[in-house]
Amino acid sequence: MNIMTAVPLRMSLGAIAALTLVLTASADVRPFPPGFHTEEIKTDGATIYVRVGGQGPAVVMLHGFGDTGDMWAPVAEALSKGHTVVVPDLRGMGLSSHPEGGYDKKTQAGDIAGVLDKLKIPKTDLVTHDIGNMVGYALAAQFPERVTRWVIIDAPLPGIGPWDEIIRSPALWHFNFRGPDVERLVQGRERIYLDRFWNELSANPKSIDEATREHYAKLYARPGAMHSAFNQFAAFTQDAIDNKTLAAKGKLTMPVLAIGADHSFGTQMADIMRLVASNVTAGVITDSGHWVMEEQPKQTTATIVNFIQGK
């Protein structure tokens, strides 16, 4: 891959330097199509790094922890032939800024609404994974007129349904793993910490290759990145309060495809979403753990594209 052709055109010098470092270390990670460009969009308290490409009805894709917006490159390529595809890095992650606060998902939904306003996009389809699901719900519940359909993938919503039971799982100890001493433990060992997620939450750890691991490990080793990531989890208590308030206002009415991996949430994703949405279809990615885009990219991409295209 030629780094100069892979680097988007509209970038700050700092972002170019950071992305060049990442691409040099992990040249096998799939880039976005050549027609995409990037923008740095200022919102209330953050600067959001956004990839934009294609033409047609909009689709916004939101990533979660352990990934950045880079995870969506295969879906972006497939959808950009008939859609305008918008792929932000959430605040505090990837190449977006790392403010001290604002990691509750209502505030981050405001980031995404601000991105849409800047791009003059009144309505959009939505595709989300992991923490992106939580930002997606806050967006769809606060601005239901702006979300036309939603694909939500393999992570629960704080405060909704079996949340209190889910968070007692020993596998989710990382929800409360944070603080200055924790940050000292992880600093310089980001790859080891992230390997735990890829190894234990996948169906087959070998499906997440070395280039992918190095790519994300370098991004999460950037100054402030892990501090911000820990703050994403720290906000779950407030998110649970906010989500209960949002859910009490009524169910979402847009079509929702709730996808779970068969080695992770499976059909439970649809069960959870039926508590907050009235038009839910269940989907399952087979032979996969939580990291569906890394473990089963073709199957996951096809499932997303078929729903977005109304097939």
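Karplus-derived 3J(HN,Hα) values for region 119-129, using 6.51 cos²θ - 1.76 cosθ + 1.60 with θ = phi - 60°, are 8, 6, 10, x, 9, 7, 6, 9, 10, 9, 9 Hz; glycine and proline are entered as x. Projecting the Cα atoms of Asn176, Ala258, Val284 onto the dipole axis of the chain, where Lys and Arg carry +1 and Asp and Glu carry -1 at the beta carbon, places Ala258 farthest toward the positive end. Close amide H pairs (under 5 Å, H built 1.01 Å from N) link Ala277 with Leu252, residues at least 5 positions away or on another chain. Here's the list of lysines a cross-link from Lys106 could span, going by alpha-carbon distance under 23 Å and ignoring same-chain residues fewer than 8 apart: Lys42, Lys118, Lys120, Lys123, Lys244, Lys249, Lys251.
Largest first, the three principal axis extents of the alpha carbons in region 140-195 are 44, 25, 21 Å in whole numbers.
Note on the chain: helix-only mean residue ellipticity at 222 nm, from DSSP H runs of 4+ residues weighted -39500 (n - 2.57) and normalised by residue number, equals -11500 deg cm²/dmol. By the beta-carbon count within 10 Å of each Cβ, the least crowded to most crowded order of Ile192, Ile304, fewest first, is Ile192, Ile304.
In the chain the Cα-Cα distances spread across 20 Å bins starting at 0 as 36, 62, 3 percent of all pairs.
The charge dipole of region 169-295, taken about its Cα centre with unit charges on the Cβ atoms of Lys, Arg (+1), Asp and Glu (-1) only, comes to about 420 debye. Per-residue Cβ neighbour counts within 10 Å put Phe236, Phe177 in the sequence Phe177, Phe236, beginning with the fewest. Placing +1 on the Cβ of every Lys and Arg and -1 on the Cβ of every Asp and Glu, with no other charges, gives the chain a dipole of roughly 680 debye about its Cα centre. Sorting Arg191, Arg168, Arg51 from the fewest to the most surrounding beta carbons within 10 angstrom yields Arg168, Arg191, Arg51.
Report the net charge of residues surrounding Leu172, where surrounding means a beta-carbon distance below 14 angstrom and charges are Lys +1, Arg +1, Asp -1, Glu -1. Around Leu172, the surrounding residues sum to -2. Taking max minus min of the alpha-carbon positions on each principal axis, region 136-242 gives extents of 42, 31, 28 Å, largest first.
Read-outs throughout are calculated quantities, based only on the coordinates presented, and are distinct from any laboratory measurement. Since the structure is predicted, the reported quantities are computational estimates derived from the model, not experimental observations. With ideal geometry, Cβ positions are generated from the backbone for all residues, glycine too; neighbour counts draw on all protein chains shown.
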